[in-house]
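One structure below.
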Amino acid sequence: MFTSNSAEMTQTLVEQARQNACSVLQEFAGSEDFLAKIQTAFGDKFDANKLEELRQQWEAVNCKYLQHHKLG
């Protein structure tokens, strides 16, 4: 059973994880081998326009709402 305190702790942990994910995405988006890593993961089956939009958001640390994105 969750108490108010444990709910607050959970929210804090989720926020810390989101901030960490944003930092990792920013570093990844700005890396020289970004496209090569994407191609390793997805081959050539991805929407280049969506990928570029995400890359720009990640690089600008615009991760306010991390969500599932379909690249294909």
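The values are calculated or read from the model by the stated rules, or taken from the named source; none is laboratory data. The structure presented is a predicted model; accordingly, all values stated were derived computationally and were not measured. Virtual Cβ from ideal backbone geometry, glycine too; neighbours counted across all protein chains shown.
Scanning the stretch 1-30 for residues that are in a loop (DSSP other than H, G, I, E, B), farther than 16 Å from Val61 by Cα and either modelled with pLDDT of 85 or more or not β-branched (Val, Ile, Thr) (or both) gives Met1, Phe2.
Within the stretch 18-30, none of the residues are without any contact (Cβ under 8 Å) to a residue 12 or more places away in the chain, loosely packed, with under 13 Cβ neighbours inside 10 Å and over 13 Å from the mean Cα position of the chain (by Cα). Residues in the stretch 31-51 that are in contact with a helix residue (DSSP H, G or I) (Cβ under 9 Å, 6 or more places away or on another chain), under 22 Å from Val61 (Cβ atoms) and assigned to a helix (DSSP H, G or I): Phe34, Leu35, Lys37, Ile38, Leu51.
Evaluate the following for Phe34: is it without any contact (Cβ under 8 Å) to a residue 24 or more places away in the chain, surrounded by 10 or more Cβ atoms within 10 Å (Cβ to Cβ) and aromatic (Phe, Trp, Tyr)? Against the criterion (without any contact (Cβ under 8 Å) to a residue 24 or more places away in the chain, surrounded by 10 or more Cβ atoms within 10 Å (Cβ to Cβ) and aromatic (Phe, Trp, Tyr)), Phe34 qualifies. Here Leu71 qualifies as modelled with pLDDT under 90 and either in a loop (DSSP other than H, G, I, E, B) or charged (D, E, K, R) (or both).
Residues in the stretch 31-60 that are over 15 Å from the mean Cα position of the chain (by Cα) and among the aromatic types (Phe, Trp, Tyr) were compared, and the one that is modelled with the highest pLDDT is Phe42.
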